[in-house]
Structures are given as structure tokens and as C-alpha cells.
Amino acid sequence: MPFSAGEKLGPYEVLAAIGAGGMGEVYRARDPRLGRDVAVKVSAERFNDRFEREARAVAALNHPNICHLYDVGPNYLVMELIEGESPKGPLPLEEALRIARQIADALEAAHEKGIIHRDLKPANIKITSDGTVKVLDFGLAKTSRDSNGAIAENSPTFTMGATEAGVILGTAGYMSPEQARGKPVDKRADIWAFGVVLYEMLTGKRLFEGETVSDTLAAVLTREPDWTQVPEKARPLLQRCLEKDPKRRLRDIADMELLLDTAPAKVEKRRPWLAWGIAALLLVTLVPIVFVHFREQPPVAELMRFHIPPTVNLATAGTFALSPDGRHLAFPAAGSDGVTRLWVHALDSLEARPLPGTEGSGTPPFWSPDSRFIAFGTGGKLKKIDISGGPAQTLCDLAPIDIGGSWNRDGVIIFGSQPGPLMRVSAAGGIASPVTALDVSRRETLHIFPSFLPDGRHFVYERATRTPEGNGIYLGSLDSKPEEQSLKRLLTTAIGPVYVPSAGSLPGQLLFWRDGTLLAHALDERRLELAGDPVPVAEQVGSFIGFGFFSASTNGVLVYRTASQDFQLTWFDRQGKVLGSAGEPGRYTAVALSPDGTRAAVSRSDPQNTVRWDVWLVDLARSTSTRFTFGPARTNDPVWSHDGSRIIFVSERDSFNFYQKAASGSKDEELVLKSSENKIPTSWSRDGRFLLYTTAPNAKTKRDVWVLPLEGDHKPAPFLRTEFDEQQGQFSPDGSWVAYTSDESGGNEIYVRTFSPKPDAGGKWLVSRGGGTSPHWGSDGRELFYLGRDGSVMAVEVTARPAFQAGAPTPLFQPPRGNAAWDVTADGKRFLFAVPAAQSAAPPFTVVLNWQAVLKK
């Protein structure tokens, strides 16, 4: 029974009919759970258990050239929606081979898993607008055959109506001879069909056809192709694919390139004397040269370095990723509009270009193995985008902070998130599932920065723990259960690894960061063990809280940056005029002014150890800095008490727990809150009774704002916990209101809500317009400041009695682009920002060609 728009098939909402085929009707539908359109193929009959088992096997195929099967219903299949055209000839040789190679890649991936298509034809091949080839209905023809491999009566090939005779003949025309005879078939049947499709792409003519199905099948069994119709380069490949005897046919589609290289050289037949004369001349001329050349040692490729200065403002973390082919560099950065998005810089170009549709991406991106797509996280989604253009495609839900990823040639993506284990998802999209499991006994907090090995099954990654000495690089496998991954540590480091495949006589190399030095350690790809000793590759390589500033291609290109540029604490007035500076240049991530404005508590990295962070106190009058925390782990995000006598901060020594310490430094630290989740303190109420903090993102509610009573039972409770991302809660001076950042409207905006320990009590008001983050109150509660979408300081007049009202936001000034660490004095007249130090230019990207040359010395 046909379905109409708006009807439901399970959770899928039908949008429109696409067409009909041998298996029934095909509809465009909406998956409300993942917010994407899909293709739903509805059968006239319910599927049996055997069909479902085999369909599930097909769903395991994760490859960029295979249309992905998402789901199997009682009588329908849910597929990736592919919009494109089927290939039609005649095509130029190179264009036809470009398409054929992608078809072959799809066949190879399926054959390796024992899955055969059995119905390969142009109608089951689509070419999308970006040139990607997608093979449809993979393996489903197999389910319509009986146990002997013969064509069953309900085969989709043979259930079409008489009006579709042309399609029937076309399908019959792609059957292998053994398939046409009803004999058992294997992957060589797909290779035959591949040859037929390639022949027709090159010639524009149907290879096997007849007036009836029987005539067409007879042509398959008896007729030989006209080889003069195809280019000589393609003949060896086609002749092996179209051998009627499957024993003589090409056995593995992966061998197609070998046959393309065996095309005979073209010789001018009418003037053989000229060919012989040229050959004799070359023999006399070149033999002495060749003799001398082969007496010499072959030249060794030299290591080359050059710099690419950043032309835009890199995101705070300064992360980047080099494409596998070594031609493009991707990184998150802010353009002139102040919006952070992904940018791509071709190494042979002078300028970077932004990728529209990647707004909000600030975490490490990663590439598809063919260097065409970039995967990135934004707004609680993992997405991919084609660097040549087009909209970003959502792959799955994820925590707002994703930390590194890797993409293999089978279309499997694994990625890290905070907090949590490595996750896995198809490159075509779907629901992410765990690949690893956090080991509670080892006090692990997250698994990050995976990097696939060449086999596409094993990978290296970092396991991070609550104790610095527990961090390290480990080996994982897609074939192991999450809780059964190996706990054998390969290396000790707090920075994620990058694996580079073997090159020539050199084994594969594990690139890792340690104390500012980038090192390479050989990894035996067969034994999966380290070999020899690590070799230094580059010095003074930068990092940022677990991110190493390095990336490598698969063909000998390495890119790295030195330590991030320093920032200077700088005063501005309301018009943006510079009033002076404070403290020394450094790497700051948080700035909090004391209530009396005489000091600033800042988070700053150790100049000698960039993975270590501590809280420092800056005397703003004397411009001197004093270290405030001395623990072995990172401490961050200081918050002052109203009287300026105490400071609460977060430490990673045993978890992301809160401690408080007297601002005078006279007393030891005291534990304030201990819990398993990561969290950041943001605001301390003026009466000293409550602390607001933001919890780490999770899959269901993203980041949330919680309140901790500092008196009584000290039991924390959620203040804002929804499906949206809420963070940066700030108490108003009188404690009646909380300003915070939320993405509930689709982008970050500033809201104000009545404060009550009970969730969802009181009203809520939108304060910002056109985007906003990082709210700060003036001391009298009559003005609220925040950063606009372009980084400008915005001011909003507010009144609280008799009801809360907010005026129109007014831009004050736009500070130099820094790292968003800032605060405002109680009177709202001066602003302290961490901005790029004048004497510290942004470090360039250092590009190293043939970097493996250092390993041969």
C-alpha cells in the first residue's frame, strides 16, 4: 500500500515518494532522532529472519563509496539518501577510470567481508554533486536467492512489471555467465558486472542486449565484446574482467591497477624503420649515461623546511590537522566577523579560506583518508564537510567537546570526547557506540586522540587519568570489546599521538610529544610493538592542555608550531583605549579580578612545562606575579569570595574537584567538593552561601549549571539542566539573579533567570541579541556585560524592580583578539583582557618535507 507524506514507518516520517523498484516503493523520509533525511525502501512482504540477518551483515559495511544501510524494519529498509545521477557513457578514459576506481574500492571493501553485490549495474550506482561514487543496494540481491544460489521467483530483478522491460533487460545484461545459468556465484560475478559497467561508460553502448530476456542472457553466454571500441589502456583490465570462464577471470578487484599498467605501448606500424632508427640512436646515446648513473648511489631525498604564517586568528587551543595527502591544513580560527569556524590552507597557497557551515568548531578536526572531507565537532554534533564546498552533514550526537578522531578506509570513524571513552560511528552517519571503556580502578577520565594503523582495525590513542603519571599511549582494536582493550602502555606522555605509516624501507612511526620535543618511535605494524629507540624530530614544539601542535601526512609531510604566543594582561577603558598592562607575558586561560580590584587571580601555564597549569596572583599596582597553587596537577578557574579573603579553584590532582585557599596563602588548601564528573567553578554568591559551577558535557544534556550550598548539607543540585548547553553562570550582586550562556535558540546567547535552589523556579529573560558569551555583572547590578559574537564588549542596562527588564545591548569596544580571558572592575569602567603580547607574534606553521630523512641519519 503506497504511503503519503506525513505517515510514519516506525520512527521515520514519510516526506515524498522517490520511485518504485523490484523490492517495492522507495520514499524520502525524515529520521527525527538524528535530524536527517533517509531513503526507505518498503517491501510488499515482511522480511524473514534470514533476510534480516544478511541485511544486518550489509549494515556492517562502512565505506565512503557504499550507500549505508541504517536500519531494518519488519518490511522496510532504511538507507542513506543519495541524490545524484547514474554514470552514462561515453566518458573520457580518465573520468571513467575515476568512477571505476571508486566502484572497485566499494567492491573490495565488501568482498573482504564476504559480501557480494550480485546486482551491480548503472542504476545501482550514483554519482553525487561532489563527484563521490556511491554503490547502492549492496548485498541485498543475495537475500533474494535460494540456498543453491539460483534466481528465486521473488528476485527484485524479475518482479518488475512489463512496462519496465528495458530495466529487466538492463539487469539481465549485467549478469555473469554463471549467474545467467543459475549456478552458484562468488565475488567474480561482481567483477564481471564491473567490467560490463566500465565498458559501457567508455563506449556509451550497451554491451549485452536483446529483444527478450532470453536473448539478452544468450548474448551474455555467447557474444564477445568488440575490443576495438575501448581505449588500449583499459583493454587488459576489461579482458580479464569479462572472461566467461570464472576460473580465468580476475579474482580480486584490488588488482585492477596492475592491469591498467600493462597496456601495450603504441607503435607506428607503417614506418618500422623510423622506430628502429630511434631505438638505435637512444641505445648509442643512453648506454654510457645509464652505465655511469647505476654506478652511483641513488640520490637521497633531502629534508626541507619552510614557514606559513597564520593569516587569521587561530582558536585558543591552536589545534590543526594536515590532510593525508599533505596538501591542505585545516584549523579552527576566527575571521573578521569574530566567528570561529574551520579554515583550510592549501600548502601551495598564500591565503586560508573559511568553510561555511562549520561555525562554532573550535576543537581538533580530522580528515577522511582520501583527503576530501573534514570531520569536526560543533553544537553537540559530529559533522563532516567536503572541502570543495557544500553543506556540512551531521554524523551523530556527541558531547560538546570532542577531542581528536581518526577515519579509516572502511568508513569507520572513531573519536574521543570529554569525558568518556572512544566512540565509533559510520562515516555515513548513525548512532555512536563505545570502542573503549574507562577503567575506574585506574582513575581514568577520558580516552582521546585516536590514530588508525594501516590495517584499519588497530589504532593508538591516549588514556588520560586523574594522576599525571598514569597518562600514556595505548594500542586498541575495533575487534576487541570496549572492556577488553589492552592495558599495555606503549609510551608515557600527556599528549595524544599521531601514527605515520611505513615509507619505503622505514617502518611506521609513532609521533608523540614529550617536554617540548616531538619524537618518532618505530612501531612494527605486524607485531604491533615498538622497536628501537625514539628519535627527536623537532624541538620547541608547542602544546595546549593535552593538544600537541603537530600533524603529519601519509606521504612525508610534517607540520608543527612552536609554543603558543604569549598574552599580556592589558587594561582598557569603556571606549577601548589602552590604559596600561599588568604582570608579565604568559599563557593565560582565566582572569578573575578581586572584589577591590587590586589583584587578579589568573590561570597560567608553566613556561618550562606547558602541560602544567597553576593559579597565580597578580598585584595590579606593582605588576608582579606570585604563584598561588603548587600541586602536582593542573589547577585552573579561580573564583573569589566577596570579601576577597578566599579563592576557590578546580584541581585535577585526584579528579576535577574544588578546593579553597586563603588569598593570603597562609593556610593550606581545603576540599570543597569532590565528585566524579569534570566541572568548573564560575561564581560565588555575595553572601558566601552558594557556588555556581558548570559540569562537563554529556550526551543527553550537554553542559549544565549546578549550585553547591557552602553551608548545611553541602549537597549540590542542578540549577539548569536541559537538553541544551548551559554554562558560565554568574550571580548578580544581590544574589537574586543568575546570568548564563545557553544555545537553546541555536546559537550562544546571554539569559538571566531568577535564582532559586529549586530548578526551573521563577522567570527567564533573553538579554543579548545576535549572540553572546561570558556574562559579567556590574557591582550595583544595573549593568550586565558580555562578549558579542564578533568579540566586542557589550553593555546592557538592566532593572530588577518591580520586574526584571533588560535594555538594548550597546557595543563598547572590540579588544584585540585574544583568548577570551577577561574581567571587569566593579564600577564597570575598566576591563582587564589577556591579549596577544606585542613582542610575541603568532608562531607560524613550520612545514617539513621528507621529515623521515632525520630517521636515516
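The values are calculated or read from the model by the stated rules, or taken from the named source; none is laboratory data. Because the structure is a prediction, the values reported are computed rather than measured. Cβ sites come from the backbone with ideal geometry, for glycine too, and all protein chains shown count toward neighbours. Calculation scope for accessible area: heavy atoms of the full protein, side chains included, ligands and nucleic acids excluded. Shrake-Rupley method; radii C 1.70, N 1.55, O 1.52, S 1.80 Å.
Structure data summary
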item	result
Anchor LYS247: aspartates and glutamates whose Cα lies under 13 Å away (excluding residues fewer than 8 positions away in-chain)	GLU178, ASP186
Partners for LYS8 among aspartates and glutamates (Cα-Cα distance below 12 Å; same-chain residues under 8 apart left out)	ASP31
FRET E, pair LYS715, GLU529, Förster distance 56 Å, beta-carbon r, rounded to 0.05	0.70
Cα-based reach from LYS674 at 17 Å (exclusive), listing lysines while leaving out same-chain residues under 8 positions away	LYS661, LYS715
Length added when fully stretched, LEU221-THR492, from 0.36 nm per residue minus Cα-Cα	91.2 nm
When each of LYS113/LYS134; LYS702/LYS764; LYS126/LYS481; LYS679/LYS829; LYS577/LYS679; LYS41/LYS381 is checked by Cα-Cα distance, pairs over 29 Å	LYS126/LYS481; LYS679/LYS829; LYS577/LYS679
Two-site FRET efficiency, GLU83 against PHE306, from Cβ-Cβ distance with R₀ of 51 Å, rounded to 0.05	0.80
Cα-based shape type of the range 404-514, given that a ≥ b ≥ c are square roots of the gyration tensor eigenvalues and the cut on a/c is 1.5	oblate
Stretch gain in nm, segment VAL440-SER645, where the contour uses 0.36 nm per residue and the Cα spacing is subtracted	70.1 nm
Heavy-atom surface of the range 1-142, accessible at 1.4 Å and reported per residue (Å²)	43
Difference of contour (0.36 nm per residue) and Cα-Cα distance, ALA60 to LEU478	149.2 nm
Pair LEU350, GLU670: separation of 7 Å Cα→Cβ label points (nm)	6.2
Cα gyration tensor category, rounded, prolate or oblate, for the range 466-517 with a/c compared to 1.5	oblate
Point-to-point label distance, SER336-THR228, nm (Cα→Cβ direction, 7 Å offset)	6.3
Sparsely packed chymotrypsin sites (Phe, Trp or Tyr not before Pro) within the range 177-211, loop by DSSP, other Cβ within 10 Å at most 10	none
Dipole magnitude of the range 413-464 about its Cα centre (Cβ charges: Lys, Arg +1; Asp, Glu -1), debye to nearest 20	60
Placed amide H near LEU422: partners under 5 Å, 5+ positions off or other chain	VAL435, THR436, HIS447
Point-to-point label distance, TRP765-ARG622, nm (Cα→Cβ direction, 7 Å offset)	4.3
Overall form of the range 641-694 per C-alpha gyration tensor (a/c, 1.5; a/b vs b/c)	oblate
